[in-house]
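Shown next, in structure tokens, is the structure this report addresses.
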Amino acid sequence: MSNVSQRVYDTDEEKRFDLLFRNTYSRVLAYLAKVSGQLEVAEDIAQNIYLQLWEKKTALPLTEKETLYYLFTIARHHFYQHTQKLLKEQQEKMSFTVVNDKKEQLPVEPNSTFGEKEMMVAATLAGIEPVKTKYFLLNKEKGLSYRKIAEQEGVSAKTVMRHVNSVSKILRSKLTSLFFSLF
């Protein structure tokens with residue numbers, strides 16, 4: 001392919017991408033803002049999506065319907081990756097945090113957004129007795145049964161069950177109040 005024809009091809013691809021961007025960016029941004037609850041996060045994710053599309057512009061679907069489906073699938077995937085990254089960072093912070101004797105609870109505003117939900121969970125767990133939190137995390141994160149936790153910790157399975165259920169009830173209560181405060 002000659003340089004002239006390559007330049008025309010690039011220009012056509014650039015025009016197609018520009019048209020795609022102008023026609024879809026606001027819808028993708030609105031979707032991401034709705035699911036994330038934070039415009040800054042939505043803008044960052046949308047920017048990454050369109051950067052990825054720019055790099056793979058020759059692989060874009062041809063019809064508008066297919067393109068929108070493709071874009072929203074990518075948006076959902078990027079949001080999922082972003083949320084997983086935040087959760088991992090939060091878990092790393094929790095693993096390095098020492099719960100002090102006062103068991104201080106981080107302040108959480110009543111109108112928390114989706115991104116702050118994980119912080120609310122972490123703060124709530126930090127305010128619960130360490131043994132209850134330990135049993136809860138072994139059950140929910142590690143997937144250990146009540147019996148295995150009981151054997152490992154030298155307590156009865158009923159004690160483990162009672163502690164895990166207690167923490168679950170507290171978290172449900174906090175998250176329910178968060179959910180209703182968003183509306």
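Any read-out appearing in this document is the output of simple, stated calculations on the displayed coordinates, not a laboratory observation. Just so it is clear, the structure is predicted and the values come from calculations on it, not from any experiment. All Cβ positions, glycine included, derive from the backbone under ideal geometry; neighbour counts span all protein chains shown.
Based on the Cβ-Cβ distance from residue 47 to residue 151, what FRET efficiency comes out when R0 is 45 Å, to the nearest 0.05? Efficiency at R0 = 45 Å is approximately 0.35.
Could you please report the charge total around residue 81, scoring K, R as +1 and D, E as -1 over all other residues with beta-carbon less than 13 angstrom from its beta-carbon? Here the count lands on +1. Each peptide in 67-74, 31-38, 137-144 gets a packing score, the mean of other Cβ atoms within 10 Å over its residues, and the list from highest to lowest is 31-38, 67-74, 137-144. Each other residue within a Cβ distance under 12 Å of residue 152 adds +1 if Lys or Arg and -1 if Asp or Glu, for a net charge of +2. The Cβ shell under 15 Å around residue 69 holds other residues with a net charge of +1, Lys and Arg each +1, Asp and Glu each -1.
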